[in-house]
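*Asks:* Could you have a look at this structure, given as structure tokens, before my questions?
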Amino acid sequence: MENLGQYRRTHYCGEVTEQFANQTVTVMGWVNRVRKLGQLIFVTLRDHTGLVQIAFDENTAADLFEKATGLKSEYVVAIEGNVALRREKDINADMATGKIEIMAGRLVVLSVSDVPPFQIGDENVSDSLRLKYRYLDLRRAALQQNLRIRHAAALSARNFLSGQGFAEVETPILTNSSPEGARDYLVPSRVNPGRFYALPQSPQILKQILMVGGFDKYFQIAKCLRDEDLRADRQPEFTQIDIEQSFVDQEDVLAMTEGLVARMFADAAGVDLPTPFPRMTHKEAMTRFGSDKPDLRFGMELVDISAVVAGSEFAVFQGALDAGGSVRGINAKGCGKLGRKQIDNLIEYVKTYRAKGLAWIQISDTGEIKTTISKFFDEAKLAEIIAALDGQNGDLLLICADKDEIVFDALGNLRCEIARRENLIPQGVYKPLWVVEFPLLIWDEDDDRYYANHHPFTAPMDEDFDLLETAPAKARSKQHDLVMNGYEAGGGSIRIHRQDMQQKMFEVLGYSQEQAYEKFAHLMDALKFGAPPHGGIALGLDRLAMLLCGTGDIRDVIAFPKQQNGSCPMTGAPNSVFAEQLEELKISIKAE
């Protein structure tokens, strides 16, 4: 192995095209592949821009040819050579540099490599192995591209917000624990034994205090941490574009965000997102799609057929209606061809969302009807149900009866699952949507108390403020969620900026004045000194990057993600620590 010495890279691998014919270039990177064909050795060299082919000819440079015979995959090399046009029959149309090859004149082996545990670019590698050797997986072209798109999106956001007069301000990573929201990650304090910091779930309170401090327009690309169970679109640590403005109403925040997101999509991926984005109330989203983050790229909307089936002898339907629930269905257009085993699989699928099952009506291409409910409804009533669901030849009608929340959850997820299975979702299409007028509060029967639907600093709609005294469950909030393709891409609200209103909100949540001050003293004190009306939003940079890259796994846009149980196979985190460290922190570990 050698050092770089006097060698300096003149071009990246993916840049060396036919325009450099007959020029001398120096390229550096990883050996992707080595092929020996008689008196020629062909090496495909790779860097983050792509691939280029290098040729070593024994007839013109025997010593160099001999040196090249020792090259193996993932060796790091520097190669100087002359760019030559390939013969027509040797052109590789699959490579951007496929019309040329570099005739090697010098070779420096900068670093050797063990045989890697998998071939770079191999798609048939387990997730656990990829994560253990993440530094090797990061050499994959797709991941390189994803992370550069993410960079372009973040840079676009910074440029846009700076141009709009926002200032980027960093808030602390070590803060105090909040009783509302998800579980905190706790950090023990050595100099304050028995006391703990919390890692921030969001800079929420601090950015509001910045507004009290007169900052007017703030943003931060902030790292946030929540001790939650993981999913394909969730990690324990994530990045959000955090924004807050003073002297604004909801219309101002939505308009600013639309401009920002449209700019990010244009800059990072060349995607045109027409503005303004459509809007939908929370109630409408749940009624039509069974979800507060509906995917608008396909149909299959929920239809309420409660009035049509009311008074029937079918106990499942009537029982749900008598209990205050509903009977709703979806029309899986063109899915009437599904076999009984496939339909049974869909029935099992909705049971994971607490539904007891599904009633179904299958209409063949010739109009023949098969159904599980024929003995409970005569032909006329069955025809009425089919008409209510717009049933046509070739359709599959799926019906769920239960409490509204269960029906929405089951059918809302079912429509997405069917769309995935039947390839009904168009690719490369983006459907942004604002969901507004969320419920302000959620009642928890187990805890016998209200919780904030968004967070306890969200303002109620002006006309609903009095409901906090009379009917808190009916109060709507000034919350706004940006939804795209079935994912929550961001969420925010207009905040409570008056101390008396904030105190009232805490009372509804079950906090006495003393308890509210104990947990939120810094905010409550700040509100006493003249807080401007303010509001904002936090956009999930990871999820937006995931959408921009067209991947369904958020790990594909994060350099070093965690796996399902929150661990990192590459670093071994989380891990045990030395007893001396625990002793210094005055912490003992209780055995299981």
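The values are calculated or read from the model by the stated rules, or taken from the named source; none is laboratory data. If you're wondering where the values come from, they're calculated on a predicted model, not measured in any experiment. Here the Cβ positions follow ideal geometry from the backbone for every residue, glycine too, while neighbour counts run over all protein chains shown. Just the protein is used for accessible areas: all its heavy atoms, side chains included, with ligands, DNA and RNA removed. Shrake-Rupley method; radii C 1.70, N 1.55, O 1.52, S 1.80 Å.
*Asks:* Explain nothing, just the number: relative contact order of the range 468-531, from Cα pairs under 8 Å at least 6 residues apart, as a whole percent.
*Replies:* 25
*Asks:* Pick out, in residue order, every one of the chymotrypsin sites (Phe, Trp or Tyr not before Pro) in the range 143-247 that is DSSP loop and has at most 14 other C-beta atoms within 10 Å; say none if there are none.
*Replies:* Sites meeting the loop and neighbour criteria: F247.
*Asks:* Next up: Based on the Kirkwood radius over alpha-carbon pairs, what is the Stokes-Einstein translational diffusion coefficient of the range 314-471 at 37 °C with 0.692 mPa s viscosity, in µm²/s?
*Replies:* For the chosen part, D equals 180 µm²/s.
*Asks:* So what is log10(I(q)/I(0)) for the range 504-592 at q = 0.12, 0.26 1/Å, when the Debye sum runs over its Cα atoms only?
*Replies:* Log-scaled intensity ratios, in q order: -0.89, -1.32.
*Asks:* Could you pull out which residues in the range 195-217 have an amide N less than 13 Å from a spot 7 Å beyond the Cα of M524, following the Cα-Cβ vector?
*Replies:* It comes to no residues whatsoever.
*Asks:* While we're here: Mind grabbing the base-10 log of I(q)/I(0) for the range 553-592 at q = 0.15, 0.23 Å⁻¹? Debye formula, identical points on the C-alpha positions, no solvent, two decimal places.
*Replies:* With no solvent term, the Cα-only Debye profile gives -0.55, -0.81.
*Asks:* Scan the range 222-300 for GluC sites (Glu not before Pro) in coil per DSSP, keeping those whose Cβ has at most 12 other Cβ atoms within 10 Å, and list them by number.
*Replies:* Sites meeting the loop and neighbour criteria: none at all.
*Asks:* To two decimal places, what compactness ratio does the range 443-537 give when its Cα radius of gyration is scaled by 2.2 N^0.38 Å?
*Replies:* Against the compact-globule rule of thumb, the ratio is 1.13.
*Asks:* Using only the alpha-carbon atoms, what does the range 234-286 span along each of its principal axes? Please give whole angstrom values in decreasing order.
*Replies:* So the extents along the principal axes, rounded to whole Å, are 32, 31, 30.
*Asks:* Considering the chain, what Rg and Dmax in Å follow from its alpha-carbon atoms?
*Replies:* Over the chain's Cα set, Rg and Dmax evaluate to 30.0, 93 Å.
*Asks:* What is the Cα radius of gyration of the range 140-293 over 2.2 N^0.38 Å, N being its residue count?
*Replies:* In units of the globular-protein estimate, the range 140-293 measures up at 1.22.
*Asks:* Please report how far the C-alpha centroid of the range 497-559 lies from that of the range 3-34, rounded to the nearest whole angstrom.
*Replies:* 51
*Asks:* Kirkwood hydrodynamic radius of the range 206-250 from all distinct Cα pairs, in Å?
*Replies:* Kirkwood hydrodynamic radius for the range 206-250: 12.3 Å.
*Asks:* Here is a further query. How large is the accessible surface of V316 in square angstrom, using a 1.4 angstrom probe and rounding to the nearest 10?
*Replies:* Solvent-accessible area, nearest 10 Å²: 80 Å².
*Asks:* Shifting gears a bit: Be a star and scan the range 32-63 for residues whose amide nitrogen sits under 17 Å from the point 7 Å along the Cα-to-Cβ vector of S73.
*Replies:* In the range 32-63, the label zone of S73 (backbone N under 17 Å from the point 7 Å along Cα→Cβ) covers 32-36, 42-47, 51-52.
*Asks:* About its Cα centre, what dipole magnitude does the chain give when the only charges are +1 on Lys and Arg Cβ and -1 on Asp and Glu Cβ, stated in debye to the nearest 20?
*Replies:* 1720
*Asks:* With a cut-off of 8 Å between alpha carbons and a minimum separation of six or more residues, what is the relative contact order of the chain in percent?
*Replies:* Answer for the chain is 13 percent.
*Asks:* How are the C-alpha pair distances of the range 162-237 spread across 5 Å bins, as whole percents from the shortest bin up?
*Replies:* Histogram of Cα-Cα distances, whole percents per bin: 3, 14, 20, 19, 17, 14, 9, 3, 1, 0.
*Asks:* Another question about this same structure. What per residue convex hull volume, in Å³, comes out for the range 17-161 when only alpha-carbon positions are used?
*Replies:* 154
*Asks:* Ok, one more. So which GluC sites (Glu not before Pro) in the range 374-450 end up in coil per DSSP with only 11 or fewer other C-beta atoms within 10 Å?
*Replies:* Taking the range 374-450 and a limit of 11 other Cβ atoms within 10 Å, the loop GluC sites (Glu not before Pro) found are E445.
*Asks:* Tell me, what is the Rg over Rh of the range 58-133, with Rh the Kirkwood radius over Cα pairs?
*Replies:* In the range 58-133, Rg relative to Rh is 1.06.
*Asks:* So what is log10(I(q)/I(0)) for the range 211-332 at q = 0.14, 0.19 1/Å, when the Debye sum runs over its Cα atoms only?
*Replies:* Log10 of I(q)/I(0), two decimals: -0.93, -1.22.
*Asks:* I've got another one for you. Relative contact order for the range 424-489: what is it in percent, counting Cα pairs under 8 Å that are at least 6 residues apart?
*Replies:* Result for the range 424-489 is 42 percent.
*Asks:* Mind grabbing the accessible area of R9 for me, 1.4 Å probe, Å², rounded to tens?
*Replies:* 110
*Asks:* Which value in deg cm²/dmol, rounded to the nearest 500, describes the helix-derived mean residue ellipticity at 222 nm for the chain, given -39,500 (n - 2.57) per DSSP H run of n ≥ 4 and division by the residue count?
*Replies:* Theoretical 222 nm ellipticity from helices: -8500 deg cm²/dmol.
*Asks:* Still on this structure: Distance between Cα centroids, the range 341-402 to the range 224-267: provide it in whole Å.
*Replies:* 40
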